[in-house]
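Below is one structure, written out as structure tokens; the observations come after it.
Just so you know, all these numbers are worked out from the coordinates, no wet-lab data involved. Fair warning: this is a prediction, and the values are worked out from it, not measured in the lab. Cβ placement follows ideal geometry from the backbone for every residue including glycine, while neighbour counts extend to all protein chains displayed.
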Amino acid sequence: MSRFLNEKYSSLKPYVPGEQPQDMPRLIKLNTNESPFPPSKKVLEVITPEQSSRLRLYSDPECRPLTDMIAKFYKVMPSNVITGNGSDEILSFCFQAFCPNGAVFADITYGFYKVFAQFYGIDAQIIPLRDDFTIEVDDYAQATGTVFIANPNAPTGIALTLDKIERLLKQNPERLVIVDEAYVDFGAQSAVELLPYYSNLLIVQTFSKSRSLAGARLGFAIGSDELIADLNKMKFSFNPYNVNRLSILAGAAAMADVKYFDSCRKEIMAIREYTVAQLKCLGFTVPNSSTNFIFAGYPERFSGQAYYDFLRSRGILVRHFGEPRTTDFVRITVGLRSDMDEFLSVTSEFLEGIE
Ligand code: PMP
């Protein structure tokens with residue numbers, strides 16, 4: 001820490017992203033929930049030399065045609081959509097803009113919520129998950145701060161049904177509920193259809209998972225005209241050109257290629273179900289996943305750290321969160337079928353080694 005850093009940030013604990021090895025010829029990377037499939041061919045077609053030469057110009061602050069494509073896909077108006085440099089940026093704006101009465105979120109959820117709350121000096125009310133890692137929405141009934149719910153949740157993979165989200169919205173119409181649907185395309189139900197009925201609902205999504213564009217850094221929010229205008233106020237006070245020219249084109253093309261999007265997510269769900277079944281056969285505890293990752297552990301036999309270390313030594317990268325309630329588990333991103341077969345075979349070897 002230099003002597004110039006504002007003292008209010010001296011105890012800030014930044015988010016720790018999963019490892020991004022740049023030279024990974026033999027590593028199987030199952031640690032940051034990226035898609036194992038490349039972006040749509042339509043994306044590659046729009047990133048032309050001509051478009052690249054236009055990088056000398058600033059991008060469109062309105063992010064057209066990306067916002068238009070998102071609006072079309074979700075059957076809302078462009079004024080109901082804002083795009084950002086990853087959904088992390090959108091979430092950051094939400095914490096800054098919408099938490100005068102604090103933020104409310106689960107003890108086990110996306111780790112960035114805690115970081116944003118600390119960054120912006122927001123009181124965080126932490127609601128523990130139940131013992132089986134599920135969210136009980138009635139536990140939120142008395143909470144007054146803005147609620148952040150990852151649905152499906154991370155790193156557990158467990159989804160809430162839409163009627164549970166609706167119950168949360170009904171608890172207090174004066175309280176904003178922000179539903180982070182980063183993984184919703186892998187088997188959960190989006191709350192977008194509730195938007196016409198609940199002005200206290202804001203939905204955040206990303207292109208990083210189901211649309212194979214993690215490196216393009218693209219996220220978006222859908223909500224009422226008023227909420228989106230508020231978020232634009234934040235954006236235009238921070239970085240009007242928050243999405244770069246090529247990512248705008250890439251995102252619009254990815255959104256338009258519904259066929260490819262559907263085939264990728266279906267394939268990922270099928271590979272997930274196959275892998276989960278195999279892990280259960282081996283004796284693992286695996287909560288029901290509606291995401292592109294699997295949260296798995298075998299608390300009776302070994303620690304998450306020992307399993308992580310063994311996989312790492314065999315070139316398989318997964319994620320281990322060393323928090324007290326998650327330390328027995330690892331989070332495994334669903335990769336290609338061949339990746340998962342290799343992962344399962346190394347897992348069997350690990351189990352044999354500890355018998
Ligand atoms: N929400 C959740 C629940 C996530 O797991 C992630 C990915 N780390 C994000 C939001 C942010 O994704 P991105 O910034 O890539 O859109």
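Summary table
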| quantity | calculated |
| --- | --- |
| Nonlocal amide H pairs with I108, under 5 Å, H built at 1.01 Å | L129 |
| Inter-part distance where region 122-186 and region 17-32 are each reduced to a Cα centre, Å | 30 Å |
| Selection from A117, P196, N239 lying farthest towards where the dipole of region 105-251 points positive, charges on Cβ | N239 |
| Local net charge near T32, Cβ-Cβ under 12 Å (Lys/Arg +1, Asp/Glu -1) | +2 |
| Extension gain from E349 to R301, taking 0.36 nm per residue of separation minus the Cα-Cα distance | 15.9 nm |
| Length-normalised contact order for the chain - Cα pairs under 8 Å, 6+ apart - percent | 24 percent |
| As computed over region 112-191, the Cα convex hull volume per residue (Å³) | 96 Å³ |
| For L344, L195, order by how many other beta-carbon atoms lie within 10 Å, fewest first | L344, L195 |
| Net +/- balance of residues flanking V179 in space, Cβ distance below 15 Å, scoring K and R +1, D and E -1 | -2 |
| Listed residues A106, A306, A216, most fluctuating in the chain (Gaussian network, C-alpha, under 10 Å) | A306 |
| Net charge, V76 excluded, C-beta distance under 12 Å - Lys, Arg +1, Asp, Glu -1 | -1 |
| Listed pairs K164/K233; K41/K259; K29/K280; K41/K75; K72/K170; K29/K209 exceeding 19 Å between Cα atoms | K164/K233; K29/K280; K41/K75; K72/K170 |
| Unit Cα scatterers, Debye sum, region 41-256: log10 I(q)/I(0) for q = 0.10, 0.13, 0.15, 0.18 Å⁻¹ | -0.42, -0.71, -0.93, -1.31 |
| Magnitude of the charge dipole, the chain, Cβ model with Lys/Arg +1 and Asp/Glu -1, debye to 20 | 880 debye |
